[in-house]
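Trainee: The structure's right below; bear with me while I get my questions together.
Computed from the coordinates by the stated procedures, all read-outs in this text should not be read as laboratory data. Values in this document were obtained by computation on a predicted structure and should not be read as measured data. No Cβ is skipped: glycine too gets one built from the backbone with ideal geometry, and neighbour counts run over all protein chains shown.
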Amino acid sequence: MSEGSFNSISKNIITSSPYTIYQAGILASIVTGDPKYVLFSVFAFIMGDGFNALEKKIAKKIMGDDSSVGQRPSGCGNGQSKTDCTGCGIYPSHGTESKTWGMPSGHAQITSFAATFWTLYVWLKYKKETDPDAKRLAKIKATASTIIMWTLAAGVWSQRVISSCHTIPQIITGVIFGILFGVFGYFISTFIIKDMPSFK
C-alpha cells in the first residue's frame, strides 16, 4: 500500500469517525442485547451533531458571518491545501469545498463526548467492583481503553487542524462542549438504565 493510499484511508476514517461512534453503540446493543449502548448512540447523536448544529447557529449569530474566529481556516476548504484533501464535512456530498462555519468543531465535540462517556463508564464500573481479582482486571481494561479512546480522539482533533478544516480555538471549544455533554449524558443515562454505574 502506498503512502498516499494510507493517508487517504486514514483521513477517510477520521472524517467518518462520528458515524463510527453512532454505529458502535447500536451494534454493541445488537450483539449483547443490552440497551445501554443504543442509549449512548442516541445521546452521541443528539449531543454531538444535534447540539453542535445549534451551537454553530448561536455562535454565528453572536460573532457575525464574517468572524475569522468562527469561519473555517483557508486551506482544505478552499483548495489551497497541498495535502490530500478529502473535504471538511462528514458527508461526501460536501466534496472538497467548505465555506461553512467551523465554531465549534463537530468532530471534536462528538469524539470528546464519546471519550468522556466511556471514561466515566469504565472507571465507575471499576470503582463498583468488589472482587479483588476482577477489580485488578477492570483497572487494566479501564486504563488501556481510556488511553486508546483519548488518543483516537486527539488524532481526530489533530487531523482537523492539519487539513485546515478547523482552527485550534474551534477544536478546543468543541472538546469543551463534548466533555460537558459527555458528563451530562452519562449522568442522565444512570437514571434511565438501572445497571449503569452511577456517581454515588
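Trainee: Between the stretch 152-200 and the stretch 131-149, what's the alpha-carbon centroid distance in Å?
Mentor: 21
Trainee: How long is the gain from Ile30 to Asp133 if the chain were fully straight, where each residue apart is worth 0.36 nm and the alpha carbon distance is subtracted?
Mentor: Working: separation 103, 0.36 × 103 = 37.08 nm, distance 2.91 nm.
Using 0.36 nm per residue and subtracting the Cα-Cα distance, I get 34.2 nm.
Trainee: From the phi angles alone, apply the Karplus equation (6.51, -1.76, 1.60; θ = phi - 60°) to the stretch 59-68 and give each ³J(HN,Hα) in whole Hz, x where the residue is Gly or Pro.
Mentor: Each residue of the stretch 59-68 in turn: 4, 5, 5, 6, 7, x, 4, 9, 5, 5 Hz.
Trainee: Right, here's the next one. So what are the ³J(HN,Hα) numbers for the stretch 137-152, from phi and the Karplus equation (6.51, -1.76, 1.60; θ = phi - 60°), rounded to whole Hz, Gly and Pro as x?
Mentor: Karplus values, whole Hz, x for Gly and Pro: 5, 4, 5, 4, 4, 5, 5, 4, 5, 5, 4, 4, 4, 6, 5, 4.
Trainee: Further, regarding this structure: May I ask you to sort Ser67, Ser16 by Cβ crowding, counting other Cβ atoms within 10 Å and putting the fewest first?
Mentor: Numbers: Ser67 13, Ser16 16.
Neighbour counts put them in this order, fewest first: Ser67, Ser16.
Trainee: Give me Phe43, Phe199, Phe117 sorted ascending by neighbouring Cβ count inside 10 Å, so fewest comes first.
Mentor: Phe199, Phe43, Phe117
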